[in-house]
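Peer 1: Before we start, here is the structure in question, set down as structure tokens.
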Amino acid sequence: MTRKPNELRPVKIKRGYTRATPGSVLYQAGETVVLCTASIDNKVPDWMAGKGKGWITSEYNMLPGSTSPRKGRDRAKVDGRTTEIQRLIGRSLRAVVDLKALGERSIWVDCDVLQADGGTRTASITGALIALVDAIHSIRKELPDPAKYPLSDSVAAISVGIVDGKPTLDLEYVQDVDADVDMNVVMTGRGRFVEIQGTGEEATFGDDELAALLKLSRKGITELTEIQKKALAKTWPF
């Protein structure tokens, strides 16, 4: 079935996919599949110790079988793209977190791409929020003030671009490769931007095209927020 330019790819979410972490989500957008897990460590980095604040950080990786040809493992050194994406995921989550309300503990969010077909960073952010909510829910009674929830809002992300002259939502790999303009947008559930990454791929774009892409991304993230809400059901905190 062919998608319209303003339609999301089908999204599937399975919470509790693994048992070792309090937050574990298998997130699928079209043919892109990401495992997002959230682990709790009852300490913070040394540079934050004694400040009464927690920390949230992320690691991202594409597993060897996620692409064809095979992607080599990041062992001795993490490549620049991986570093950029995991920092983006961490920033996106911390944008909606009250670190003082979390107490002096860290939450590690790991996003491992099992299968890649475009939009792996945006799928990681959207799935990571669900894993983070589940992890926080598991320690709610242990927070400095259990009545004060550490998250102020949800967050989700989507890719948009200009493909064949048309603003297009949620780019698959073949669309991403052919796009004249490629953009990743991170936004809160209340519609506040967290980050916008836009690039002309051997092309330029004007104010009207930028406005059209941002409008389309807002539509997509509004829909993703509803999908997150449905997946979390009674655990949805907002």
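Peer 1: Evaluate the distance, in nm, between pseudo-label points positioned 7 Å from the Cα of residue 208 and of residue 74 along their respective Cα→Cβ axes.
Peer 2: 4.0 nm
Peer 1: Full-extension gain between residue 192 and residue 67, please, as 0.36 nm times their residue separation minus the C-alpha to C-alpha distance.
Peer 2: 41.7 nm
Peer 1: In segment 59-204, what % of DSSP beta bridges are antiparallel (nearest 5)?
Peer 2: 85 percent
Peer 1: Place the peptides 147-154, 64-71, 177-184 in order of packing, highest mean first, counting for every residue the other Cβ atoms within 10 Å and averaging per peptide.
Peer 2: Top of the packing list down: 177-184, 147-154, 64-71.
Peer 1: So what's the angle, to the nearest 10 degrees on a 0 to 90 scale, between helix 80-94 and the longest Cα principal axis of the chain?
Peer 2: Once rounded, the angle reads 60 degrees.
Peer 1: Can you tell me the orientation of helix 207-232 relative to the chain, as the angle in degrees between its alpha-carbon axis and the longest Cα principal axis, to the nearest 10?
Peer 2: 40 degrees
Peer 1: Give the aspartates and glutamates reachable from residue 166 as a straight Cα distance under 15 Å; neighbours fewer than 8 places away on the same chain don't count.
Peer 2: Result set, ordered by chain and number: 7, 176, 178, 180, 182, 201, 207, 208, 209.
Peer 1: Calculate for the chain the 222 nm mean residue ellipticity that helices alone would give, adding -39,500 (n - 2.57) per DSSP H run of length 4 or more and normalising by residue count, nearest 500 deg cm²/dmol.
Peer 2: The per-residue figure over the chain is -9500 deg cm²/dmol.
Peer 1: Follow-up. Run down the aspartates and glutamates and flag those whose C-alpha is under 15 Å from the C-alpha of residue 43, throwing out any fewer than 8 positions away in its chain.
Peer 2: Within reach: 104, 142.
Peer 1: Here is a further query. Rounded to the nearest Å, what's the spacing between the alpha carbon centres of segment 63-140 and segment 28-45? Just the number, please.
Peer 2: 5 Å
Peer 1: Would you mind computing, in nm to one decimal, how far apart the modelled labels at residue 215 and residue 39 are, each placed 7 Å from Cα along Cα→Cβ?
Peer 2: Those two pseudo-labels are separated by 4.5 nm.
Peer 1: Could I ask something else about it? Modelled label-to-label distance, residue 53 and residue 149, 7 Å Cα→beta-carbon offset: nm?
Peer 2: Computed distance between label sites residue 53 and residue 149 equals 2.3 nm.
Peer 1: If you don't mind, there's one more thing I want to ask. Relative to the longest principal Cα axis of the chain, at what angle does helix 120-138 sit, 0 to 90 degrees, rounded to 10?
Peer 2: Orientation of helix 120-138: about 20 degrees from the principal axis.
Bear in mind these aren't lab numbers, they're just calculated from the coordinates by the rules spelled out. Worth saying up front: this structure is predicted, and the values here are computed from it rather than measured. Positions of Cβ are generated from backbone atoms using ideal geometry, with glycine treated the same way; all protein chains shown enter the neighbour counts.
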